[in-house]
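Okay, structure first, notes after.
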């Protein structure tokens with residue numbers, strides 16, 4: 001039996017817009033199981049990224065409970081340009097979490113960085129490069145390596161491939177899938193791309209206007225949608241293909 | 001056609017403003033330092049030549065009303081001016097960086113308070129405020145340095161604040177928070193290096209302003225005091241014989257202009273370099 005590694009209960013989050021306090025999440029509740037890939041789908045502005053930030057502890061203004069049964073989760077961001085410090089080499093970016101954690105010798109860190117880069121498919125030639133000298137896909141690999149170097153069990157991927165070309169998208173998704181299998185990682189995979197979710201996820205949650213309007217296994221939700229919004233999303237996505 | 005365009009682009013790419021600014025600044029520093037060491041006449045040497053001699057090979061810029069070598073005095077004065085500018089910019093930029101970094105990074109009411117104070121201070125010309133302050137502390141070089149330095153803090157703080165506020169919300173800073181980096185580490189290791197292109201250009205323009213402010217204050221008699229030489233002081237003195245011996249005023253004025261030109265070219269060049277970086281990062 002797998003256990004829950006994240007429990008979210010009755011979560012309301014707020015956003016300050018000038019003087020007014022706008023509620024962006026309404027009574028969100030869900031669990032994430034060990035080793036599962038949970039999809040989170042919704043249009044932009046539906047509160048997906050806010051939910052991610054609350055879970056990560058980056059958003060202070062919320063009510064409800066978020067219980068982690070693992071160490072702090074890490075995040076893979078959407079824009080591989082902005083998520084890497086332009087002044088830090090690949091080595092430094094991947095090494096930084098180890099330096100902050102402390103307790104590793106220089107040699108240990110170098111070994112771990114090399115091993116991690118190998119896992120994401122980058123070799124030693126990339127160690128001293130700056131982000132400007134990397135392609136979008138390579139940057140996303142570095143970003144993933146930096147997120148995984150401390151071996152978290154749980155990673156939130158916020159639109160991890162939507163800024164990439166189609167072929168590179170497939171490569172990065174493959175990588176995420178392999179890492180999921182090899183390291184037993186759990187993901188909360190945020191995407192507006194239903195095809196990505198269908199391919200990667202076991203369960204999926206549909207979000208609209210800050211509420212989770214439908215949730216279930218990918219088969220249930222995609223084959224027999226109940227909520228009008230889900231049907232509309234599916235129609236839009238299948239129509240475009 | 002295409003070749004010409006490529007060449008034109010390459011020319012544009014080469015940052016001539018920065019190159020000229022660097023060369024001019026380095027050249028002036030070299031002349032000031034080297035000249036002070038090597039030039040045979042001292043700045044205070046009365047009767048090094050005749051009174052108000054016109055420029056010659058022995059006295060490049062002629063002599064003043066008591067026969068002192070003007071070139072030696074310009075070198076010495078420029079040295080003083082640069083020293084004052086250096087001190088001012090050091091105090092102003094370090095103080096401004098500290099205040100602006102904290103205000104920009106943490107934001108909120110702290111930011112409001114700090115920036116309103118800085119607005120209030122920038123509403124007055126800094127030379128005017130400095131003059132008021134000097135009326136309490138008295139004249140003298142070190143008083144000029146720390147008073148101008150303090151008054152320069154708001155303008156540096158403004159730039160630092162903008163940069164830190166811009167970077168605060170970038171994903172790589174969020175990532176640093178996620179891996180548990182302390183605020184200090186985020187500001188120092190993750191943000192500061194990315195603000196340098198913009199901040200350095202502000203530092204260069206700060207030198208520019210400091211040179212002008214020092215010259216103005218010494219011109220008004222409140223800055224550097226005799227027997228110390230400064231460019232502003234010399235300009236004030238040279239007024240007395242502006243028509244008999246214009247070379248004193250002209251060469252001193254030219255020294256001020258050259259210094260200001262060097263620093264503003266440097267600042268422009270650095271700014272252009274910074275902008276290009278940002279544009280490049282946006283494109284990729």
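Pairs of alpha carbons in segment B:63-163 separated by more than 16 Å make up 63% of all such pairs. The stretch between residue A:166 and residue A:2, if pulled fully straight at 0.36 nm per residue, gains 55.7 nm over its current Cα-Cα span.
Per residue, the convex hull spanned by the alpha carbons of segment A:190-235 comes to 70 Å³.
What is the helix-to-structure angle for A:136-148, meaning the angle in degrees between its Cα long axis and the longest Cα principal axis of chain A, kept from 0 to 90 and rounded to the nearest 10? In chain A, helix A:136-148 runs at an angle near 90 degrees to the longest axis. Normalised by 2.2 N^0.38 Å, with N the number of residues, the alpha-carbon radius of gyration of segment B:1-75 equals 1.81. Potential lengthening of the chain between residue A:226 and residue A:174 amounts to 15.7 nm, from the contour at 0.36 nm per residue minus the alpha-carbon distance. Angle of helix A:106-119 to the longest C-alpha principal axis of chain A, folded into 0 to 90 degrees and rounded to 10: 50°. Each of the peptides A:142-155, B:259-272, A:94-107 was scored by the mean count of other Cβ atoms within 10 Å over its residues; in descending order, highest first, they stand as A:142-155, B:259-272, A:94-107.
Spacing of the modelled spin labels on residue A:100 and residue B:242, each 7 Å from Cα toward Cβ, amounts to 6.2 nm.
Sorting the segments B:34-41, A:190-197 by their residues' average number of neighbouring beta-carbon atoms within 10 angstrom, most packed first, yields A:190-197, B:34-41.
Out of all DSSP beta bridges with both ends in the protein assembly as shown, state the antiparallel percent to the nearest 5. In the protein assembly as shown, DSSP labels about 60 percent of beta bridges as antiparallel.
Taking the number of Cβ atoms within 10 Å of each Cβ as an exposure proxy, the fewest-first ranking of A:112, A:75 is A:112, A:75. Applying 1/(1 + (r/R0)^6) with r as the Cβ-Cβ distance of residue A:198 and residue A:110 and R0 = 35 angstrom yields a FRET efficiency of 0.30. Remark: mean inter-chain Cβ contacts per residue of A:82-95 equal 4, using a 10 Å Cβ-Cβ cutoff to other protein chain atoms.
Within chain B, the proportion of C-alpha pairs whose separation exceeds 30 Å stands at 43%. Note on segment B:1-142: Cα-only Rg and Dmax are 23.2, 66 Å. Normalised by the number of residues in chain A, the average gap of Cα pairs under 8 Å and 6 or more apart makes the relative contact order 27 percent.
Note on chain B: GNM, Cα springs under 10 Å; of B:157, B:48, B:210, the largest mean-square fluctuation is that of B:48. For segment A:147-241, the spread of Cα positions along the three principal axes, ordered from largest to smallest, is 41, 26, 23 Å. Taking only the C-alpha atoms of segment A:118-190, Rg followed by Dmax gives 11.9, 32 Å. Rg then Dmax, both in Å and based on the Cα atoms of segment B:39-91: 13.1, 42. Once both labels are positioned 7 Å from their Cα atoms along Cα-to-Cβ, the gap between residue B:14 and residue B:272 label points is 1.2 nm. Over the C-alpha atoms of segment B:142-284, the Rg to Rh ratio, Rh being the Kirkwood estimate, stands at 1.16. The C-alpha atoms of chain B define a longest principal axis, and helix B:126-137 lies at about 70 degrees to it.
Rounded, prolate or oblate for segment B:220-260? Axes are the square roots of the Cα gyration tensor eigenvalues, ordered a ≥ b ≥ c, and the cut-off for rounded is a/c under 1.5. Note, shape of segment B:220-260 comes out oblate. As a calculated quantity, the FRET efficiency between residue A:234 and residue A:43 at R0 = 22 Å, using C-beta atoms, amounts to about 0.95.
Shielding of peptide B:177-184 by partners, expressed as the average count of other chain Cβ atoms within 10 Å per residue Cβ, is 5.
Taking every DSSP beta bridge that has both ends in chain A, the antiparallel portion is near 55%.
Label positions at residue A:10 and residue B:182, each projected 7 Å from the Cα along the C-beta direction, are separated by 3.8 nm. In whole percents, the pair-distance distribution calculated for segment A:29-113 from its alpha-carbon pairs, binned every 5 Å from zero, is 2, 10, 16, 19, 18, 16, 12, 6, 2, 0. Averaged across orientations, what area in nm² does the convex hull of the alpha carbons in the protein assembly as shown project? Computing the convex hull of the Cα atoms and averaging its projections yields 33.9 nm².
Taking max minus min of the alpha-carbon positions on each principal axis, chain A gives extents of 54, 45, 40 Å, largest first. Computed over segment B:120-204, the alpha-carbon pair-distance distribution with 5 angstrom bins reads 3, 13, 19, 15, 13, 11, 10, 8, 5, 3, 0, each value a whole percent. The calculated pair-distance distribution of segment A:4-74 uses every alpha carbon pair, bins of 10 angstrom beginning at 0, and gives 18, 53, 24, 4, 0 percent.
Applying 1/(1 + (r/R0)^6) with R0 = 35 Å to the Cβ-Cβ distance of residue B:31 and residue B:65 gives a FRET efficiency near 0.90. Sorting A:44, B:93 from the fewest to the most surrounding beta carbons within 10 angstrom yields A:44, B:93.
Its Cα gyration tensor gives segment A:89-149 an equivalent ellipsoid, and the semi-axes of that ellipsoid, as √(5λ) in whole Å with the largest first, are 19, 11, 10. The alpha carbon centroids of segment B:178-199 and segment A:47-67 are separated by 24 Å. Packing, as the average of other Cβ atoms within 10 Å across residues, places the peptides B:193-200, B:213-220 in the order B:213-220, B:193-200, highest first.
Just so you know, all these numbers are worked out from the coordinates, no wet-lab data involved. Nothing here was measured: the structure is a model prediction, and the numbers come from that model. Neighbour counts are summed over all protein chains in view; Cβ atoms, including those assigned to glycine, are modelled from backbone coordinates with ideal geometry.
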